[in-house]
Amino acid sequence: GDSVTQKEGLVTLTEGLPVMLNCTYQTIYSNAFLFWYVHYLNESPRLLLKSSTDNKRTEHQGFHATLHKSSSSFHLQKSSAQLSDSALYYCALRAGYQNFYFGKGTSLTVIP
Amino acid sequence: EAAVTQSPRNKVAVTGGKVTLSCNQTNNHNNMYWYRQDTGHGLRLIHYSYGAGSTEKGDIPDGYKASRPSQENFSLILELATPSQTSVYFCASGDACRVNERLFFGHGTKLSVL
């Protein structure tokens, strides 16, 4: 069945260093859409960005990701981490009109 | 901005007791979902609904029931609560017609079963 893998459970970074959170997926459907949701403490999880067409980069709030169907990946990146980026990040897959499949989440902590 | 409201925000229940978590959305979305969030497991789907009167089992439905009496409301029911159901529960709504449409989440209900 469909699935999403986020390799890192916990990531700790020093402010100013680049961020890369990994996300790979598996699906039998050709029309797969990938999403990154961010969950700040005491808030609702909310959409950070979603995939566009194959090999096209999407950006929002300084973060970016590119859907690569050849490697089934949608890694989240940012050039310079900020303290306010500390949160829980979920990668999610929706393919066909199936339900959303979420990865286990990556907890990002940015330290001064 | 689309809105999903959950109640209560916090709940302490006793083992064997009945718990009802409520969710209301003003997005006019057909699809609604109940997830639980646990460290190391992420968000796992318990039940979902395609519209009023419909409920479907998600990936971890055991020990839970759901009710969708109207387009706006979706409840999660724990008939006999157990300590293993201690978790944070999120309700979400989504547009059924667009496969790349995002989910809108509520603020969550923190449930402790003692």
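The values are calculated or read from the model by the stated rules, or taken from the named source; none is laboratory data. These numbers were taken from a predicted model, which means no experiment stands behind them. Backbone-built Cβ (ideal geometry, glycine too); neighbour counts: all protein chains shown. Heads up: the accessible areas ignore ligands, DNA and RNA and are worked out on the full protein's heavy atoms, side chains in. Shrake-Rupley method; radii C 1.70, N 1.55, O 1.52, S 1.80 Å.
List of remarks:
- The requirement of being assigned to a loop (DSSP other than H, G, I, E, B) and among the hydrophobic types (A, V, I, L, M, F, W, C) is fulfilled nowhere in the stretch A:83-93; no residue meets it.
- Check on B:D38, open to solvent by less than 40 Å² (accessible area, probe 1.4 Å), in contact with a strand residue (DSSP E or B) (Cβ under 7 Å, 6 or more places away or on another chain) and within 11 Å of chain A (Cβ to nearest Cβ): yes
- Only residues that are open to solvent by less than 10 Å² (accessible area, probe 1.4 Å) and within 9 Å of chain B (Cβ to nearest Cβ) were counted in the stretch A:36-48, giving 2.
- Filter result for B:Y64 (touching a residue at least 24 places away in the same chain (Cβ under 8 Å), aromatic (F, W, Y) and away from chain A (no Cβ under 14 Å)): yes
- Residues located in the stretch B:93-113, provided they are assigned to a loop (DSSP other than H, G, I, E, B) and touching a Leu at 6+ places or on another chain (Cβ under 7 Å): B:R102
- Complete set of residues in the stretch B:57-92 that are of a type in the set (A, V, I, L, M, F, W, C), under 25 Å from A:E43 (Cα atoms) and assigned to a loop (DSSP other than H, G, I, E, B): B:I60
- When the stretch B:89-103 is filtered for residues that are modelled with pLDDT of 85 or more and either open to solvent by 40 Å² or more (accessible area, probe 1.4 Å) or within 9 Å of chain A (Cβ to nearest Cβ) (or both), the ones remaining, listed by number, are B:F90, B:A92, B:G94, B:R102, B:L103.
- A:L10 meets all of the listed conditions (1) surrounded by 11 or more Cβ atoms within 10 Å (Cβ to Cβ); (2) under 14 Å from the mean Cα position of the chain (by Cα) but one, namely (1).
For (1) closer than 25 Å to B:S93 by Cα; (2) within 12 Å of another protein chain (Cβ to nearest Cβ); (3) open to solvent by less than 70 Å² (accessible area, probe 1.4 Å), each residue gets a yes or a no:
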| residue | (1), (2), (3) |
| --- | --- |
| A:N31 | yes, yes, yes |
| A:K50 | yes, yes, yes |
| A:T53 | yes, yes, no |
| A:A81 | no, no, yes |
| A:A87 | yes, no, yes |
| A:C91 | yes, yes, yes |
| A:F102 | yes, yes, yes |
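- Flag if B:N28 is assigned to a loop (DSSP other than H, G, I, E, B) and either under 18 Å from A:V38 (Cα atoms) or open to solvent by less than 20 Å² (accessible area, probe 1.4 Å) (or both): no
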